[in-house]
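Here the structure comes first, spelled out in structure tokens, and everything after it is commentary.
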Amino acid sequence: MSREVNGTVARDLEGSDAVDEKSLVHPLKNILNRLRWDSKESPEDYLITYRHRGAPDDIKQVRASLIQRLGKSYFIIQGETGEETLIPFHRILEIHNTAKNSAIWISRKR
């Protein structure tokens, strides 16, 4: 049996309807982990656009190379002055590969 959780289809190993939603990894965490740790990827090539209240048009962009840590539902970047900023995944609007000029992830909520 399978069902959709956070936009991801989850399938129970035993085939029952019981799916532990807490054990599922957020799809954006999988993408950001791949950008950080896959030797075939260059984090500098990826631009993350996210909602940031108070910024022009309430939107900011950062390079994936600025990611310091990934949490269950957020990532942390380090700013130019050394301060850390926590950005929840639900604020991400798009992840764009600037080298290939293509979006690899776009929010449905845009």
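Quick notes on this one:
- Unmet requirement for Arg91, which otherwise passes all of (1) closer than 18 Å to Asp45 by Cα; (2) buried (at least 17 other Cβ atoms within 10 Å of the Cβ); (3) not polar (S, T, N, Q): (1)
- Residue in segment 43-66 that is of a type in the set (Asp, Glu) and either crowded, with 17+ Cβ neighbours inside 10 Å or in a strand (DSSP E or B) (or both) present: no
- The number of residues in segment 69-81 that are polar (S, T, N, Q) and surrounded by 11 or more Cβ atoms within 10 Å (Cβ to Cβ) comes to 2.
- Hey, Asp45 without any contact (Cβ under 8 Å) to a residue 40 or more places away in the chain and over 13 Å from the mean Cα position of the chain (by Cα) or not: no
Throughout, read-outs are computed from the coordinates displayed, never taken from laboratory work. Computed from a predicted structure; not experimentally measured. Because the Cβ atoms are built from the backbone with ideal geometry, glycine has one as well, and the counts that use them run over all protein chains shown.
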